[in-house]
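Read through the structure below, which is laid out as structure tokens, and then see the notes.
The values are calculated or read from the model by the stated rules, or taken from the named source; none is laboratory data. In this text, all values refer to a predicted model and were calculated from it rather than measured experimentally. Cβ atoms come from the backbone with ideal geometry, glycine included; neighbour counts cover every protein chain shown. Just so you know, the surface numbers come from the protein's heavy atoms only, side chains and all, with ligands and any DNA or RNA stripped out. Shrake-Rupley method; radii C 1.70, N 1.55, O 1.52, S 1.80 Å.
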Amino acid sequence: MAKRRKLEAPSAEDLSKLEQEFSATPGRGPMAAPIAQVAAESAGLHDPRGPEERAEAAKHKADAERLRDAEGRGLVMLELPIETIDADALVRDRVVLDAEEMQELKASITKGGLRLPIEVFVRPNERLGTEYGLLSGYRRLMAYRDLFAMTEMDKYRTIKAVIRDPEAMGGTFAAMIEENEIRASLSHFERGRISVIAVHQGAFETTEAAVNALFPAASKAKRSKIRSFALIFEELGDMLTFPEMLKEKDGLRLAAALREGAEERLRDALAERTPETPAEEAEMIGSALAGIELKADPKRGGRPKAVKTGPVKELSTGLTLQAEEDSRGWMIRLRGKRVDRELVQVAMAELERLLDR
């Protein structure tokens, strides 16, 4: 009588070999023998690990999925190298950083560490692999960079951060503004400025749409004031030295004058000299406004003109050109470090020669 052989479970190597053999069998397919298909599928599905190892692997997989989900919802704090964070990924709504407040912040971080993490969003970068755009915490990141530059201590090489999905928070601009509005209220000029920039960067079609979307909790009167300061930024933003210090009353009167067509007069007045203090600039604006008769009530604010902007043309000289259209006609915006009154006059003369044919 033949002696029975003891059956043993195939090893992982045996199963892999069987699977390869079945996969390579020419007859495998719809016409292959059912037993061959069953054997091949069994070989592919078999897990040679024991019950405890499989349970541990399943637990690790579930933990990894929970971690990814928590990171995506901003529930996990990370330590990110400061050089991987682009502080200028968004045009900031803050215009100036107070030097005294920055010193106080650095002293606080030196003494007790960073109590509140910054917020970032992920974006690809060919050089770094992964780069993070700053969403909120500009002052905190700048403080860490200053401290690292001064001390070169490793503890300032990285900063606590949470990853956010800006689109889930209403978009990058809205998320940034919401954070600053909660921690320290923005000035009307800062609100108007970021609304206009959001339009120019394609986030919204009009300034009115930007104001409504970025400041949904603001009252109708407050949004009207923001639109007035948006107009000031559009028309005089490059001429004002202390725009963030504009008082509400003065800003509304200034916006009303701009709606009456006083832009050229105001620009000429502001070009006479560079003020050294906010009070001096306010006096210059007041003198320019003294002879302007306002038809509309400045307190009522208003909507800035709808501006349609064309693409930015970058010149080899470092200058940029951009065409814009509003209710009064077309404009050509010329920007760059070399732009001054003399260059503009030369450009105007050349444009006049071109058109007067």
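Report the accessible area of S108, computed with a 1.4 Å probe over the heavy atoms of all protein chains in place, in Å² rounded to the nearest 10.
Accessible area of S108: about 50 Å².
I'd like the accessible area for F189: 1.4 Å probe, protein heavy atoms, all chains in place, Å² to the nearest 10.
Using a 1.4 Å probe on the heavy atoms, I get roughly 10 Å².
For M77 and E52, FRET efficiency with R0 = 35 Å and r from the beta-carbon atoms, rounded to 0.05? Could you put the intermediate results ahead of the total?
On the way: r = 33 Å, r/R0 = 0.93.
E between E52 and M77, to the nearest 0.05, is 0.60.
At a probe radius of 1.4 Å, what is the per-residue accessible area of M245, in Å² to the nearest 10?
110
Full extension from K111 to R267: what is 0.36 nm times the residue separation minus their Cα-Cα distance, to one decimal in nm?
Numbers: separation 156, 0.36 × 156 = 56.16 nm, distance 4.73 nm.
Taking K111 through R267 to full extension adds about 51.4 nm, to one decimal.
Would you please give the FRET efficiency between E244 and T84, computed as 1/(1 + (r/R0)^6) with r the Cβ-Cβ distance and R0 = 45 Å, to the nearest 0.05?
0.90
Can you sort L116, L236 by 1.4 Å-probe accessible area, starting with the largest? Show your work: numbers first, answer last.
Details: L116 70, L236 0 Å².
My answer, sorted largest first, is L116, L236.
At 1.4 Å probe size, put R140, R145, R338 in order of accessible surface, largest to smallest. Kindly include the intermediate steps, with their values, before the conclusion.
On the way: R140 30, R145 80, R338 135 Å².
Ranked list, largest accessible area first: R338, R145, R140.
Calculate, for V339 and E152, the FRET efficiency according to 1/(1 + (r/R0)^6) with r their C-beta to C-beta distance and R0 41 Å; round to the nearest 0.05.
Numbers: r = 39 Å, r/R0 = 0.95.
E between V339 and E152, to the nearest 0.05, is 0.55.
How much length is gained on full extension from L315 to E101, taking 0.36 nm per residue of separation minus their Cα-Cα distance? Could the numbers behind the result be given before it?
Working: separation 214, 0.36 × 214 = 77.04 nm, distance 3.92 nm.
Gain in length upon complete extension: 73.1 nm.
Would you rank H60, H188 by solvent-accessible area, highest first, keeping every protein chain in place and using a 1.4 Å probe?
Largest accessible area first, the list is H60, H188.
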